[in-house]
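Notes to accompany the following structure.
No value in this document is a laboratory result; all are computed from the given coordinates. As the structure is a computational prediction, the values presented were derived from the model and not from experiment. Using ideal geometry, Cβ is built from the backbone for each residue, glycine included, and neighbour counts are taken over all protein chains shown.
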Amino acid sequence: MRHLPLSRFRGALLGCAIGESLGLYCTHLADANPVRSRQMSLHLDPNLVLDQPLSFSHRLLLATDSLIQCGGLDLKDWGDRIHAAHLSEPFKLQESMAPILAIPLALFFHEDSVKLRQKVNQVAELEPGKAAQKQGSLVLAAAIAQALNETLHPWRYLPTVIARGEDAFNASGFGQQLRQVQTLLEQDAGLDAAIAQLCPSDSPAPREDPDTAVAIALYCCLSSLEDFRLSVIRAIRTGYQLPLTVALTAALSGAHNSTADIPVAWRIALNRAAMSDSSLGVIHPIPAEAQILQHSDRLFAAWCGTYDPKSQVNAIAAIAAPHMIRPR
C-alpha cells in the first residue's frame, strides 16, 4: 500500500478546495493581466476580491456531511442541508456541480463499482434534461475509485472506459474527447496540443461544459500522474473554466498522491484565504484546511463502519491492504 486510505480521502477533498481557490485566483489574474497570468507564481492573495462566489467546496462538504450522517446517499437529506445553508432555493443541481458532487460518492463507494455508478446516476438525475451529461461524472468517479484502489494506470484507464462504453456514449462529444485524450497520452503530446484538441477557440460547443472540464482534468492528471503540483499547473494554464477544471484535476490527483504531494505553500495560502478578516474570506467563504480534514476523517470513519453520529469521540480504525491479515 503506497498511501494510507485516510491520506487519500484527505487528498481528494483538500485538493478540490485548493484547486478551486487557485482557479478563481488565476481567473481574476488573467482578466487583470493576461501576460502575467502566463508567468504566475500560483500563490493565493488573501486580500483578493473575486467576482464570483466560491461554492464548490462548501457544497462538497455538505454532501460529505450527508453521506456521513445517513451512512449513504439520501437525496432528501442532501437537499435539506443545501436549502438550510441558503445555497440553493429550491434545491436543484447546477450543471457544473455534478462532477464535483461525484467526488465524495467516489470516496465512499470506491470498493463497489456497480453501487458507485448507481449513486452517481441518482445524483445526475436531479438535473432534468441533462442525463446525457452524467457521463463525465461517472468517468471521473471511476477514476477516483481506481486511484483509491491503486489500480489507476495512465495508459490503461481510458481504453477500458471506451471499450466498455455503449455506442451512444462513444459517438457522443464526450466519448470523442476521451479518445482524443487517449491519443494525446499515447503520443506524449504537450499542453498546447491538448488545448488545441480539447478546447479549440473556434469550437461551436458551449464554453462552459462540465464534461469538457472532466476530459481536460483527466489529461492534466494522467499526463503527470505522480506530480500533484504539475497536474494543477497544467489545468490552470488551459484557461478553460478554471475553478471547475482545476478543482477536478486537484481532487483526482489528490486521491492518487494523497496529502503528501500537496505543496505546503498552497495549504498555508488556503488557510490564510479562509480567515474571516480577509476580503476573500468575507465575500467568498472558503472552508479552512482543518474543517476539510475533519470532514475527510469522519467520512473515512463512516466508510470503515466505525463512525457513530451520536458520539463525540470517533477513533480511526487501523486499515491494512485489501485481503491481507496483519497484526495491529
Original post:
Once label points are set 7 Å from the Cα along Cα→Cβ at both Asp192 and Asn149, what is their separation, rounded to one decimal in nm?
Top reply: 4.0 nm
**OP:** For a footprinting-style exposure proxy, rank Thr27, Thr183, Thr245, Thr259 by other Cβ within 10 Å, fewest first.
**Re:** Thr183, Thr27, Thr259, Thr245
Subject >> Spin-label pair Val264/Glu226, simplified geometry with 7 Å Cα→Cβ offset, distance in nm >> reply: 2.3 nm
**OP:** Rank the residues Ile233, Ile216, Ile268, Ile162 as a footprinting-exposure proxy: fewest other Cβ atoms within 10 Å of their Cβ go first.
**Re:** Ile268, Ile162, Ile233, Ile216
